[in-house]
1. Could you say which residue among Leu80, Leu73, Leu65 is of a type outside the set (Val, Ile, Thr) and touching a Lys or Arg at 6+ places or on another chain (Cβ under 8 Å)?
2. State which residue is modelled with the lowest pLDDT when the search covers only segment 204-213 and only residues that are more than 19 Å from Val24 (Cβ to Cβ) and buried (at least 16 other Cβ atoms within 10 Å of the Cβ).
3. Among the residues of segment 279-298, which ones are aliphatic (A, V, I, L, M) and open to solvent by 30 Å² or more (accessible area, probe 1.4 Å)?
4. Could you grab me the full set of residues in segment 153-189 that are assigned to a strand (DSSP E or B) and touching a Ser or Thr at 6+ places or on another chain (Cβ under 8 Å)?
5. Tell me, which residue of segment 262-278 that is more than 10 Å from Gly294 (Cβ to Cβ) and of a type outside the set (Val, Ile, Thr) is most open to solvent (accessible area, probe 1.4 Å)?
6. Which one of these is under 31 Å from the mean Cα position of the chain (by Cα) and either charged (D, E, K, R) or at pLDDT below 95 (or both): Arg300, Arg291, Arg265?
Amino acid sequence: LSLQVHPTPEQARAGFAAEEARGVPRDAAERNYRDPYSKPELIVALTPFVGLCGFRDAPELAALLAELHVPALKEFADALDADPGETAVRGMLASLLRWPEPQRAALVAEVVEASRSLASSDSRFAATYEWTARVGADYPGDTGVVVVLMLNLVTLAPGEAVFLRPRTLHAYLHGVGVEIMAGSDNVLRGGLTPKHIDVDELLGLLDFSTGPIAPTPPTMVSPAEQAWVTPTPEFRLSRVTLAGDPVELAGGTPQILLTVRGAVRLQDGDQVLEIGSGESVFVPASSAGVRLTGDATVFRAIPGR
C-alpha cells in the first residue's frame, strides 16, 4: 500500500467543494477529493503484519539519521537535533517530496545501500533499515523510500489491530488483515506510487505530531464476540468465534459478516445460508437477527455506536 493519508470530515468537505468550484473532473488523475467524506480505517491482523503509521519521535529520527550516515540527510538530522519537534519533521518531508527529479535516484540508492549495510546490525533501528532496503528495491528513485525512515514501524501479531485516524500518514508493507473503512475515495499520496502526488495539499492535510502508535485492543462484548471500538461513528468491527454452540446476533442494523476460518451456518428466520472461509454476506437492517452455528471465525461489520 502506498504512503497515503485521508482527510478529516471538515477537510474533505472543503477540499471537495474547492475542486468542484474549479471544475476539476471527478475522475481526473490530479483530483484529490472525489467526494466530501472522511475515510477512517481499521486493520486487524490475520497473520504477522507490518505497516508504517505516523511520524516517529523526532529525537529518535535524528538518532536514526545520524546512524545511517548519509551526507545528503545530515541537514535534517542537524535540524532535528536543534529543534526536535513537528517543524523539523515537516521540513524534512517537504524537502524529500520536492527533491530535484534528476537527483532522486542517487539519493534513494545511497539511502538503500546504507540501510542494507545496517539491516543485520544490532541497531535498534535494524528492522526499519531492512524494510527501507526492501521497499527501495521495488521503488528505485522514489523519495517515498526515504520517508519510510520517518515513520513508526508497526508490527502486529494476529488479532492485534491499529486504528488509522484521519491526517495520519501510513502504508502497509507485509501481511494479511481484515480492513474496514468508511465509504470514501479520498486518498492523498506521499510516495511509493506512480499516481499523482499533490505536495502542497498533502503538507496542509497531514498531522505532524510525533510518537509511537499504540495498537487498538479488543473489548469483549459477549462471550463469543470481541470488538475493536474506535471513535469513528462510521463503523465498528468485531470478531465472532464459533466453537459449536450457536451465537445470536441482534438485528435492526445493517451488517456484513465475513468468514475467515472454517464454515458457518447462518439462519435468518426461515432462510438458511452456508458461508465458507473467504465468503461474506450482507444482512439488511430489516433482519430481526441471525443465528450462527459451526466451527469458524467470523468478522462482523456494523455502523459505529
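The values are calculated or read from the model by the stated rules, or taken from the named source; none is laboratory data. Here the structure is a predicted model, which means the values were calculated and not measured. Because the Cβ atoms are built from the backbone with ideal geometry, glycine has one as well, and the counts that use them run over all protein chains shown. Accessible surface is based on the protein model in full, side chains and every heavy atom, while ligands, DNA and RNA are left aside. Shrake-Rupley method; radii C 1.70, N 1.55, O 1.52, S 1.80 Å.
1. Of the residues listed, the single one that is of a type outside the set (Val, Ile, Thr) and touching a Lys or Arg at 6+ places or on another chain (Cβ under 8 Å) is Leu65.
2. Ile213
3. Within segment 279-298, Ala285, Ala288 qualify.
4. Residues satisfying the conditions are Leu153, Ala161, Val162, Phe163, Ala171, Gly177, Arg189.
5. Of everything passing the filter in segment 262-278, Asp270 is most open to solvent (accessible area, probe 1.4 Å).
6. On the way: Arg291 fails: under 31 Å from the mean Cα position of the chain (by Cα); Arg265 fails: under 31 Å from the mean Cα position of the chain (by Cα).
Answer to the check: Arg300.
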